[in-house]
Amino acid sequence: MKIALVGCGFVADYYLKTLPEHPELTLLGVYDRNQARARTFSAYHKVPTYPSLQALLADREVEMVLNLTNPRSHYEVSRACLEAGKHVYSEKPLAMTLSEARELVEIAERRGLLIISAPCSLLGETAQTIWKAIRKQVIGSVRLVYAEMDEGMVFKMPYKKWISASGAPWPYKDEFEIGTTLEHAGYVATWLPAFFGPVQSIAGFSACLVPDKGTPLDVLAPDYASASLHFASGVVARLTCSLLAPHDHSLRIIGDKGVMYTDDTWYYTSPVYVRRWFNLRRRHLEWPRRTYPLVGKGTRYKYRGTQQMDFARGPAELAAAVREGRPARLSPRYSLHVNELVLAVQNELQGGATYKMTTTFDPLEPMPWA
Ligand SMILES: NC(=O)c1ccc[n+]([C@@H]2O[C@H](COP(=O)([O-])OP(=O)(O)OC[C@H]3O[C@@H](n4cnc5c(N)ncnc54)[C@H](O)[C@@H]3O)[C@@H](O)[C@H]2O)c1
């Protein structure tokens, strides 16, 4: 499928890094409203630039647009792309409000197009392995999940010096204003509803605990959120996001017969471990951990930064769904549900509250190799 990219910033380099893994995707050109950035990116990656978004959208060969702009531009750019008849793969979140996200999905449905949202780490080896083990009841019926998304004190790190491979600075002001929950919760919030079905309600607390992050900010987004997600299936997950607690991206899934866990959900090939329960003289104990074999290719991706992900796998999955005329594994309604979930955890729980979810989605398919 022929694609174009809007937003040539920090994350765009990550996409270009693994694009060659997906030869079915051909990048025709890129656009950024910051023309200097577009030129630098284009020279570094040797891809043509479009002079304007209109020119990009007028290119009839482009079937899908990767919307890698800042979150506050997602809605307007995605909407323009859909109205021009293009499929959209959007960086997260789909939109900054639920009504805008819903509108995008409805436009896409009316026009027979797909819009899905990053992250695509559900398509990674670790997520697919955990999902398979859950389906096989390796730890029995799942009751409880603990998901951590703590980044450490990023605002005490030399974040003003971080640059991407082609030289884009890490957009710290934007990152702090959008907030760590909207920026990062999705990396695990996209896994849990795939495993356990739609979330029914959310209870918890979010707040901005450190207003001074070393740079003037126009918006003080929560830098801490802890939420209990109540799934319609009966599973409960406690999700914690912060820019304070030491770096921890671990996931623990607790079932009747044992616990399954992984230490870092940002690595596509992070090992998966299982400990089964057993009773010994009425004491409840755990067997030593054993490694549960990973499914899939297990390619290791080397980046600067704290993750190893194949960012281009999501667009490749969208292209494959279009080519094969089947529902996308990360469906538009699923992306909308995850968007509602992260918006609720960040915004609706401020000061402590409960939130009833309004969106749902049909069950998703695992990857064929899982
Ligand atoms: N920075 C990261 O490590 C990272 C990692 C994963 C995902 N993301 C996500 O990727 C997206 C982009 O983040 P980033 O870090 O690359 O930001 P960035 O600020 O480095 O890059 C965004 C680019 O989009 C351009 N842009 C903004 N609005 C535009 C518009 N209306 N039309 C054309 N161009 C526009 C900006 O000029 C900028 O060059 C965000 O949704 C973010 O959540 C970022």
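The values are calculated or read from the model by the stated rules, or taken from the named source; none is laboratory data. The structure presented is a predicted model; accordingly, all values stated were derived computationally and were not measured. Counting neighbours? That spans all protein chains shown, and the Cβs are built from the backbone with ideal geometry, glycine included.
List, please: which pairs have Cβ atoms under 6 Å, are six or more places apart or on different chains, and start with a residue in the range 343-361 that is within 18 Å of Thr190 (Cβ to Cβ) and end with one that is surrounded by 14 or more Cβ atoms within 10 Å (Cβ to Cβ) and of a type in the set (Phe, Trp, Tyr)?
Matching pairs, first to second residue: Ala344/Tyr355; Phe361/Tyr334.
Identify all residues within the range 67-103 that are charged (D, E, K, R), within 13 Å of the ligand (Cβ to nearest atom) and over 18 Å from the mean Cα position of the chain (by Cα); write none if there are none. Break it down into steps so the answer makes sense when it comes.
Initially, the range 67-103 is screened for residues charged (D, E, K, R), giving 72, 76, 79, 83, 86, 91-92, 100, 102-103.
Adding the requirement that they be within 13 Å of the ligand (Cβ to nearest atom) leaves 72, 76, 79, 91-92.
Within the range 67-103, Glu76, Arg79 meet the criteria.
Give just the number: which of (1) closer than 21 Å to Tyr89 by Cα; (2) surrounded by 22 or more Cβ atoms within 10 Å (Cβ to Cβ); (3) more than 15 Å from the chain's Cα centre (by Cα) does Pro171 not satisfy?
Single failed check for Pro171: (2).
When the residues of the range 175-214 are filtered to those that are over 17 Å from the mean Cα position of the chain (by Cα) and within 14 Å of the ligand (Cβ to nearest atom), which remaining residue is surrounded by the fewest Cβ atoms within 10 Å (Cβ to Cβ)?
Glu177
Taking Ala227 as the residue in question, decide whether it is modelled with pLDDT of 95 or more and in contact with a helix residue (DSSP H, G or I) (Cβ under 6 Å, 6 or more places away or on another chain).
Yes: the conditions hold for Ala227.
Please count how many residues of the range 244-274 are in contact with a Lys or Arg (Cβ under 8 Å, 6 or more places away or on another chain) and hydrophobic (A, V, I, L, M, F, W, C).
Count: 4.
Give the range 298-356 a look and list any residue that's of a type in the set (D, E, K, R), assigned to a helix (DSSP H, G or I), more than 19 Å from the chain's Cα centre (by Cα) and modelled with pLDDT of 95 or more, or say none. First the steps, then the outcome.
Quick first cut of the range 298-356, residues of a type in the set (D, E, K, R) only: 300, 302, 304, 310, 313, 317, 323-324, 326, 329, 333, 340, 348, 356.
Cutting the leftovers down to assigned to a helix (DSSP H, G or I) gives us 313, 317, 323-324, 333, 340, 348.
Of the ones still in play, those that are also more than 19 Å from the chain's Cα centre (by Cα) are 323-324, 348.
Within the range 298-356, Arg323, Glu324 meet the criteria.
Mind checking whether some residue in the range 169-176 is in contact with a Ser or Thr (Cβ under 8 Å, 6 or more places away or on another chain), of a type outside the set (Asp, Glu), in the same structural domain as Gln128 (by TED's automatic domain parsing) and more than 20 Å from Leu68 (Cβ to Cβ)? Full working, then the answer.
So the first thing to find is which residues in the range 169-176 are in contact with a Ser or Thr (Cβ under 8 Å, 6 or more places away or on another chain), and the list is 170, 172-173, 176.
Narrowing further to those that are of a type outside the set (Asp, Glu): 170, 172-173, 176.
Filter once more, keeping what is in the same structural domain as Gln128 (by TED's automatic domain parsing): 170, 172-173, 176.
Now drop any that are not more than 20 Å from Leu68 (Cβ to Cβ), which leaves none.
Taking every residue of the range 169-176 in turn, none turns out to be in contact with a Ser or Thr (Cβ under 8 Å, 6 or more places away or on another chain), of a type outside the set (Asp, Glu), in the same structural domain as Gln128 (by TED's automatic domain parsing) and more than 20 Å from Leu68 (Cβ to Cβ).
A quick yes/no check of all residues on (1) surrounded by fewer than 16 Cβ atoms within 10 Å (Cβ to Cβ); (2) over 19 Å from the mean Cα position of the chain (by Cα); (3) at pLDDT below 95; (4) within 18 Å of Asp310 (Cα to Cα):
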site: Thr240; (1), (2), (3), (4): no, no, no, no
site: Leu243; (1), (2), (3), (4): no, no, no, no
site: Pro246; (1), (2), (3), (4): yes, yes, no, no
site: His249; (1), (2), (3), (4): no, no, no, yes
site: Trp266; (1), (2), (3), (4): no, no, yes, yes
site: Val272; (1), (2), (3), (4): no, yes, no, no
